[in-house]
Amino acid sequence: MISDVYFPRVNGVSTSIATFRRSLQQLGHNSTLIAPRYPQGGSRDEENIQRVAARYLPMDPEDRLMKVAHILAATESLRQQHYDLVHIQTPFAAHYAGIRLARRLRLPVIETYHTYFEEYFHHYLPFLPGGLTRYGARWLTRHQARQLDALVVPSTAMLSVLATYGVQTQTEVIPTGIDFAEIAAGDGPGFRRRYGIDPKRPTLVHIGRVAHEKNIGFLLDVVARVRLTVPDILLVIAGEGPARRSLQQRAAQLGLGGNCLFLGYFERGAELWDCYASGDAFVFASSTETQGLVLLEAMALGTPVISTAVLGTRDILAAGKGALIAAADVDDFSGKILHLLRQPRLRQRLSQEARVYARDWSTVIMARRMADFYQRLLQFGSGSRETNTAPSSGRRQTTASAQRPR
């Protein structure tokens with residue numbers, strides 16, 4: 001595997017990589033990960049991880065750009081390990097280095113499409129016209145997909161998006177699963193005590209990267225509306241990112257200084273699980289998620305979800321279990337929150353539903369699906385992208401699993 005991001009950089013891609021690596025290893029499949037070297041060091045688990053020198057990115061100081069030459073310099077040592085395939089996780093330096101490695105090693109190469117770049121680029125290149133960034137994202141996706149033997153996407157919505165782009169590469173829907181061995185029972189009351197939150201105070205939780213594309217500003221507007229009815233409502237925002245300062249300023253402008261608690265990143269562990277469990281509800285409104293793993297983590301801990309069902313989150317919310325689906329409208333979203341806060345029995349029912357439903361998304365199920373996909377690719381592949389044959393029909397086909405995992 002090769003990725004432009006990994007822990008200690010906290011985001012959904014890092015979580016997905018770690019989850020699949022751990023689960024595949026439990027099934028007897030070993031992997032080596034090539035990832036950037038960060039100034040603050042590596043992660044707690046560095047087994048079979050090769051860190052590569054990386055450059056600082058002025059526009060995104062949390063991330064690093066790996067030096068492709070340093071990756072390719074390891075070609076001969078990698079050849080000695082007799083790998084079966086290359087799995088690229090991100091479309092920047094990792095993509096181009098991964099393609100070149102696969103060709104040199106004559107291995108099949110696949111890539112997971114984790115991020116909805118059509119919207120992502122718009123937020124990080126605001127000085128360019130939106131139409132231009134969307135065109136660029138679509139062109140880049142088509143171009144990169146043609147270099148691959150197969151693609152993995154985490155939701156049926158992303159499969160549909162790639163189809164509209166004209167991507168014809170063989171594609172499989174495999175979401176990231178939930179590792180129930182990792183997630184301990186959260187201590188919500190303990191979290192509240194540590195952060196001075198009254199045990200009876202109505203509290204909403206949002207966990208994730210504090211970035212413009214996460215639509216957290218909308219949640220601030222929602223909280224401002226809810227506060228008209230519930231003056232002591234509290235929104236806990238756990239995470240870091242480039243939008244934090246502007247969101248804090250926005251909260252102050254809305255008079256929400258006492259209704260918002262901005263916390264930093266929590267490492268995956270007890271404090272993070274406690275944060276999820278401290279909320280009366282987990283709220284989410286991103287329109288750019290390719291899956292929305294945080295929704296499943298909240299459900300696994302019994303925290304009801306109130307969320308819009310846009311793009312990848314639709315797959316998780318489709319069953320209508322453990323969650324209330326809200327429109328991307330302040331009145332509707334705030335109405336759903338007030339309804340939940342007024343109905344303790346509803347919250348209890350959703351909490352129970354959420355715990356049961358999250359089990360359908362276990363890491364074991366998803367890892368087996370990934371391993372099966374690897375095996376099918378190896379059966380039909382013959383080495384590098386230049387010499388690979390298509391499946392037996394002679395056409396590269398797009399395939400999708402059922403919307404809900406089984």
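Just a few scattered comments:
- Here's the picture: a label point sits 7 Å out from the Cα of Asp84 along the beta-carbon direction, and within the stretch 148-173 nothing has its amide nitrogen under 12 Å of it.
- Under the criterion of Cα pairs below 8 Å and six or more residues apart, the relative contact order for the chain equals 18 percent.
- Rounded to the nearest 0.05, the FRET efficiency derived from the C-beta distance between Leu228 and Phe180 at R0 = 41 Å is 0.55.
- Extension gain, Arg106 to Ala371, is 93.4 nm, computed as 0.36 nm per intervening residue step minus the present C-alpha separation.
- Length-normalised contact order for the stretch 188-361 - Cα pairs under 8 Å, 6+ apart - percent: 23
- Rg and Dmax of the chain, both derived from C-alpha coordinates alone, stand at 21.4, 66 Å.
- Above 25 Å, the calculated P(r) of the stretch 68-207 contains 49 percent of its Cα-Cα pairs.
- Each peptide in 27-37, 12-22 receives the mean, over its residues, of other Cβ atoms within 10 Å, and ordering these scores from highest gives 12-22, 27-37.
- Per residue, the Cα convex hull of the stretch 188-361 amounts to 103 Å³.
- Ordering 167-175, 338-346 by mean Cβ neighbour count within 10 Å, with the highest value first, yields 167-175, 338-346.
- Efficiency of FRET between Ala252 and Arg134 - r from beta-carbon atoms, R0 30 angstrom, step 0.05: 0.35
- In this simple spin-label model, placing a label point 7 Å from the Cα along the Cα-to-Cβ direction at both Asp360 and Ala69 gives a separation of 5.2 nm.
- Length added when fully stretched, Arg349-Gln379, from 0.36 nm per residue minus Cα-Cα: 6.2 nm
- For the stretch 309-358, the calculated P(r) over all alpha carbon pairs, in 10 Å bins from 0 to the bin holding the longest distance, is 26, 49, 25 percent.
- DSSP beta bridges fully contained in the stretch 1-100 are about 35 percent antiparallel.
- Low-density loop cleavage sites - chymotrypsin sites (Phe, Trp or Tyr not before Pro) in the stretch 174-235, where at most 15 other Cβ are within 10 Å (DSSP): Phe180, Tyr195
- Measuring r between the beta carbons of Leu27 and Arg245 and using R0 = 41 Å, the FRET efficiency lands at 0.40.
- Label point distance in nm, Glu62-Arg146, each placed 7 Å from Cα along Cα→Cβ: 3.3
Values in this text are rule-based calculations from the coordinates and carry no lab data. What you see is a predicted model, and the numbers here were worked out from it, not measured in a lab. As a convention, Cβ positions derive from the backbone with ideal geometry for all residues, glycine included, and neighbour counts pool all protein chains shown.
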